[in-house]
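Read through the structure below, which is laid out as structure tokens, and then see the notes.
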Amino acid sequence: MEITVQWIRTSWTKESRGGEAAARRNAAPIGFTLPPAGATPSAHVIRMHECNGFEPFDTQEARAKADVHLRETDGRLRVLPRVQPLFGLPPRPRRPPAVRLAPGQWVRWQLNYRFSSGAGVRGWSYWLDTFNIAYGPVSADVFLSTPTVFMDEQGPLR
């Protein structure tokens, strides 16, 4: 069965924690139109950084490079994002179980992270990973619609 993966990573520093920069960051899309399908299974990877005003930069990468575990079993797709690195996790309750998608369904899963330098020399930096994953054939604009399942694993960033 066809599996479509879109991985969006938005990254910023403390400079975008408030005001106009935060408004730009919060307005960044969490779903994009898919590029034309390639011959090999790949992931549509989008990066948005504070340093370029959160303008999206997209690429195609091998699906295995996406930080998400996918497994087809009994006609369903098991989806569970990997959490890497563990030291970047803000406090949050226990992780939810994997989502099992039936053909025609898709999930949007969001996780956030925060980091500081080891010596405390640099300020805090942050990531928001959004995984849009569909099981079965989809249209190019599928991730612009409402997901079948939404998993919000975001913790407080302080």
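The residues on offer are ARG71, ARG25, and the sole one that is modelled with pLDDT under 90 and either of a type in the set (Lys, Arg) or touching an Asp or Glu at 6+ places or on another chain (Cβ under 7 Å) (or both) is ARG25.
Test THR59 against the stated conditions and say whether it is within 19 Å of GLN154 (Cα to Cα) and modelled with pLDDT under 95. Spelling it out, it is not the case that THR59 is within 19 Å of GLN154 (Cα to Cα) and modelled with pLDDT under 95. Taking every residue in region 52-78 that is under 17 Å from MET1 (Cβ atoms) and pairing it with any residue that is aromatic (Phe, Trp, Tyr) and surrounded by 11 or more Cβ atoms within 10 Å (Cβ to Cβ), at least 6 positions away or on another chain, the pairs with Cβ-Cβ distances below 6 Å are VAL68/PHE131; LEU77/TYR135.
Output yes when any residue across region 128-138 is loosely packed, with under 14 Cβ neighbours inside 10 Å, at pLDDT 75 or above, among the hydroxyl-bearing types (Ser, Thr, Tyr) and within 30 Å of THR73 (Cβ to Cβ), and no when none is. Scanning region 128-138, I find no residue that is loosely packed, with under 14 Cβ neighbours inside 10 Å, at pLDDT 75 or above, among the hydroxyl-bearing types (Ser, Thr, Tyr) and within 30 Å of THR73 (Cβ to Cβ), so the answer is no.
If the condition is being in a helix (DSSP H, G or I) and either surrounded by 13 or more Cβ atoms within 10 Å (Cβ to Cβ) or in contact with a strand residue (DSSP E or B) (Cβ under 6 Å, 6 or more places away or on another chain) (or both), then region 16-25 contributes SER16, ALA21, ALA22, ARG24, ARG25. Selection within region 56-76: residues that are surrounded by 11 or more Cβ atoms within 10 Å (Cβ to Cβ) and among the acidic types (Asp, Glu). The member of this set that is nearest to the chain's Cα centre (by Cα) is ASP67. For region 124-148, filtering for residues that are β-branched (Val, Ile, Thr), within 18 Å of ASP58 (Cα to Cα) and not in a strand (DSSP E or B) leaves 1. Among the residues of region 26-48, are any on the phi > 0 side of the Ramachandran plot, free of Cβ contacts under 8 Å to residues at least 60 places away in the same chain and loosely packed, with under 15 Cβ neighbours inside 10 Å? The answer is no, given that none of the residues of region 26-48 is on the phi > 0 side of the Ramachandran plot, free of Cβ contacts under 8 Å to residues at least 60 places away in the same chain and loosely packed, with under 15 Cβ neighbours inside 10 Å. For region 8-31, does any single residue satisfy the condition of being of a type in the set (Asp, Glu) and over 16 Å from SER125 (Cβ atoms)? The answer is yes; a qualifying residue exists.
The values are calculated or read from the model by the stated rules, or taken from the named source; none is laboratory data. Note that the structure is predicted; figures quoted are calculated from it, not measured. Cβ coordinates were reconstructed from backbone atoms using ideal geometry, including for glycine residues, and neighbour counts include every protein chain displayed.
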